[in-house]
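Report on the structure given below.
Please treat every number below as a calculation from the coordinates, not as lab data. The structure displayed is predicted, hence computed values, not measured ones. Methodologically, a virtual Cβ is constructed for each residue, glycine included, from the backbone with ideal geometry; neighbour enumeration extends over all protein chains shown.
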């Protein structure tokens, strides 16, 4: 990316040097507005490209639109860093401000190191904060633990993905099958 920026600057300088001084003064690139914008872009681009922890960003929020089949995984620490600890999925998600997503039909899955599913929770919708790695909603949620013999449902929840903690806050009911 840095190489492309240098090439673009070189081509622009070459193109502008072909004009005479009077023609260059009429050109829009000589205005006082464009110079700070171009310099700002040149200075900010290497900072973005040299992010020290690119792996900490699982999804980048586009400025508009919806994301279909939205997924954010959480992995176990080393030496099991290739195994998924938990994942939050949604049929679609809409980016909001500062890494916040509104997810429709989210499903939260918690997986053991052996690959067994420990928890499956489904809700109608929720918000997900990418920087805090947590989801929350005031709507209903249904969670099944282990083999499905324990079902918990209620209204309102918080999911802390990095800690693998689901808290159901209101109207909580549990059903245990033997």
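Mind checking the full-extension length gain between residue 132 and residue 169? Use 0.36 nm per residue of separation minus the Cα-Cα distance, one decimal, nm.
11.4 nm
Normalised by the number of residues in region 58-176, the average gap of Cα pairs under 8 Å and 6 or more apart makes the relative contact order 16 percent. Taking 13 Å as the cut-off, the amide N atoms of region 119-154 that come nearer than this to a point 7 Å along the Cα-to-beta-carbon line of residue 104 belong to 124-126. Pull out a ≥ b ≥ c, the square roots of the eigenvalues of the alpha-carbon gyration tensor of region 137-178, then state rounded if a/c is under 1.5, prolate if not and a/b is larger than b/c, and oblate in the remaining case. Judged from the Cα gyration tensor, region 137-178 comes out oblate (a/c at least 1.5, b/c at or above a/b).
For region 58-176, the pair-distance distribution built from all alpha carbon pairs, in bins 5 Å wide starting at 0, is 2, 12, 22, 23, 19, 13, 6, 2, 0 percent.
First measure r as the distance between the Cβ atoms of residue 69 and residue 176, then evaluate 1/(1 + (r/R0)^6) with R0 = 35 Å and state the FRET efficiency to the nearest 0.05.
Rounded to the nearest 0.05, the efficiency is 0.60.
With a Förster radius of 25 Å applied to the beta-carbon distance between residue 125 and residue 162, the computed FRET efficiency rounds to 0.70.
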